[in-house]
1. How far apart, in nm, are two points set 7 Å out from the Cα along the Cα-to-Cβ line at residue A:323 and at residue A:337?
2. Please work out the C-alpha center-to-center distance from the stretch A:344-400 to the stretch A:500-546 and express it in whole Å.
3. Calculate one ³J(HN,Hα) per residue across the stretch B:162-173 by plugging θ = phi - 60° into the Karplus curve 6.51 cos²θ - 1.76 cosθ + 1.60, and present them in order as whole Hz with x for glycine and proline.
4. Would you mind checking the tilt of helix B:194-211 against the longest principal axis of the Cα atoms of chain B, expressed as 0 to 90 degrees and rounded to 10?
5. Could you work out the helix-only [θ] at 222 nm for the protein assembly as shown, with each DSSP H run of four or more residues adding -39,500 (n - 2.57) and the total divided by the number of residues, to the nearest 500 deg cm²/dmol?
6. When the Cα atoms of the stretch B:249-342 are enclosed in a convex hull and the volume is divided per residue, what value in Å³ results?
7. For A:194, A:464, what's the fewest-to-most ordering of other Cβ within 10 Å of each Cβ?
8. Could you work out how much longer the chain between residue B:242 and residue B:398 gets when fully extended? Use 0.36 nm per residue separation minus the Cα distance between them, nm to one decimal.
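Only the coordinates and a few stated rules stand behind these numbers; no lab work does. Small disclaimer: the values here were computed from a predicted structure and weren't measured. Cβ placement follows ideal geometry from the backbone for every residue including glycine, while neighbour counts extend to all protein chains displayed.
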Amino acid sequence: MKTRVLLFVATVAARPPVIEAQHAAPLQSPGGHALTPRDSAAHALNRLAYGPRPGEIERVARAGVLRWIDAQLAPDKIDDDIVARREREFDILKYDRGDLARLYAEAQRARQERNRMGDTAADKPDNSPVAVKGRRFAAQVQQLAVVRAALSERQLYEVMVDFWTNHFNVYFAKGADRFLTPDYIEHTIRPHAMGRFADLLIATAQSPAMLFYLDNWESVAPGATPPVVERARRRAWINVGAQHAAPLPPARAPKGINENYARELLELHTLGVDGGYDQHDVIEVARIFTGWSIRRPQQGGDFEFHDWAHDTGDKQVLGIEFERGQEMDEGVRLLKLLADHPATMHHVSRKLCQRFVNDDPPDGCVDDAVAAWRRTHGDIREVLRAIFHGPDFWAATNMRAKVKTPLEFVVSAARAVAADPDTTPRLAQVVARLGEPLYLHVAPDGYPEREDAWVNSGALLDRMNAAVGLAAGRLPGAVATLDSIAPGTTDVQQLITAVDDRILGGTMSQNTKRVISEQLSDVKDPVQARALAVGLAIGGPEFQRQ
Amino acid sequence: MTISRRVFVKSGGLALFSLGLDPLFLARAAFAVRPSARPPDRRILVCLFQRGAVDGLNMIVPHGDPLYYRERPRIAVPGSDVVDLDGYFGLHPRLAALKPLWDSKRLAAIHAIGSSDATRSHFDAQDYMESGTPGVKATPDGWLNRYCQHDREHQDTPFRAVAFGPELPRILAGTAPSLAIADLQAFGLRAPQPAARDRLTRAFEELYAGSATGLLSTSSQEAFQAVQTLQRVDPTRYQPANGADYPRGRLGKAMLQIAQLIKADVGLQLAFADVTGWDTHVNQGASEGQLAARLAELGQALTAFAQDLGDKLDDVVVLTMSEFGRTVRENGNSGTDHGHATAMLVLGGPVNGGRMLGHWPGLDPANRFEGRDVAVTTDFRDLFAEVLARHLGARDLSAIFPGFTPDPARFPGAISA
């Protein structure tokens, strides 16, 4: 490791004066590979952002890549008026959790009514007004993520929102999470996406969406009884008398401890599967979180601590004592402890390096990120800064080493053609068709960070179809502005140069140039020729990489 | 640089051959399963998921048990309507079309099968049935995909594992290549005219052949191979054989397309389809009604599939599954609530048919799960493992069902030895 650290210090010390200069001379990456300002701008735009829009590589290169990266690390200071305006078109943002809870309850009632009418033939969509509204909102929630990713000037922030949404995965289609997920994205993930990890962790632990998804809301100390059931029991006693005590209402009898959240908290959210905990720790963590629950949907579905359900004994996690009687504070203390645990630093840093550097993250990148985490107690911005300033981020072997995820592909394609997506869910539907529908990964691990999870033959064909459709203007709601790439022309060489330059950042292979030029040779219509060139480039192999 | 796991596994399989080790021999040695007469490459498994928890007691009716009638005064299927199978159990009347398959020993049913996990949540129970790991939520892949990862005897054609639906289901999620196909006719590049489509296909094929690297390269080769294959098959002209009449709707279409792929000999080994509408809390009906309509569709789809395949059914096993069963006693809305064990069907040439499988615990409240549901006497993994081992020749069952030790002694005997 020592040599790596030295190298890291040397490159960082040497780089900034070079890269910050206007029209900087090619800078040396650690491998001795020359990076032009354009190359580094394209790389940064592919990793910290959802790819360049036409002309953006030049703009970033001119302003200085490191300066642009620093600006991205302070999203609050970036004006994002376009997104703010577009957000106002999304009705879903006008509904708070209480509104959505009422809608959910209404939909439940309507479904029961429909069932009572015996009207549940499968394959026949429920077209009651409330069901239609529910579906429209769900589609909007997904499309909103795509729109923000495509249009926002705070690109790194949107990338991090996606990263954390996936790290702290919930499943949109599980029962009450249908109405809890929008609020989870808006008020749990987004406010903390570039803050402190501990704050984000606590926010997710107290979010109704996570409490419901991983069942912690119904985790109670063994033998604990909710006050409502207790009242019912006393009533039954009085009414019927001792000999004929009526059975308890079976519907919501408490079931005891549920370990789901505790296990995933340790395995996925913090320490990692090899993080040094055992089954005993899982149970103790579950005991600490007994009573972390949710109000009923009719009452808004907020987070609520139930002291009657809390396990009041002493607990011990990872060898650390949690004395009885601290109620909810036990959980908060545990979360802070986990957030600053070395295993957590390593596990989360590793995932960040996977996302930003390579599917097989280099040890040096992880070490740099962990060091920054330790120094700043989990300031996410500083961890990211360490990654982006480290030698691995700029190493030639890691350039274009990653294949875009479905979301990254769709958003980068929309940006490449300067599309201005509206609230119709077309682009979100394409993301789903490519294999990773937003907020719909069932298991708590989130979509994997490795390419073999999303690269497959069917999905590749769908990428090609999406590319051709987008370029030809066949995706209503996401109209391409191809004039920003090239004027309509039948001058094949001019088209290829423009597409290579403005969409592929100069990475177009000789083979791709040859194929596109052959395809264009007999296309007489200049607009068609341009659409075909753009479609082939975006559907082709170079554009799949970042 | 990442070496794609897929490429690695492929070459690993080749290395085994070049060392002169016969994987088939390993299979027999490890599992003491009698080898099948046919090469394993031809054998096909079709999984059909009844999402929503089918009422096993009204699908395969215990009409010989008076308790069944006592517990379900409004929704029991009258004995006179039941299509008797063995004097105690019988088919729901709307499944009558399946009786000839039972008589020709190509259909078996198993009762009291289910999960080792007690959850009554559709979400969790479906997840467990597809991941193959009840109680463990973090399992990243599905058991059908793990089968593909671990059994390398079968060639990875692009059509090895296909789910019929818009998205890849959990059961097929994982690192082994698998396809989700909403409609065979729309698979491939889309363009207004066939000539334009063919041209676009060639253009992309050349783009990827010339410049793609790594997994992009192998996957694109698979993709264009698949497109070519389908062009040869021409799904638009398909006519079901032997007068097979598939029901309208998604299930019928999926079964038709599965039959089509089987007959086209494109290397299909695993097919998956699902059908919803089984969550009958209210007005479930008896011989007629809501559940009867669902069962009629299921019966017609399975019968048409068997007819359509003809002799090809000798290589095929269809396995139905559902996340759990429903309460023994009907509820206040003439329906049934979430229960525990349910019934499954196993259909096809290799099936040890004409028999009820498993151990019937009876409906006596003392033998019920938590006093209300049919108890699970067969872990669903024992049935799934048997089908994988005896039908498809799977060797590494403990890798396919981690945390579970499959034991041939517990196999329900669904596949003829």
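1. Calculated label separation equals 1.4 nm.
2. Going from one Cα centre to the other spans 34 Å.
3. Computed from phi, the couplings for the stretch B:162-173 are 10, 9, 9, x, x, 10, 5, x, 3, 5, 10, 6 Hz.
4. 70
5. Rounded to the nearest 500, the figure is -13500 deg cm²/dmol.
6. Residue-normalised Cα hull volume stands at 106 Å³.
7. Least to most surrounded, the residues fall as A:194, A:464.
8. 52.1 nm
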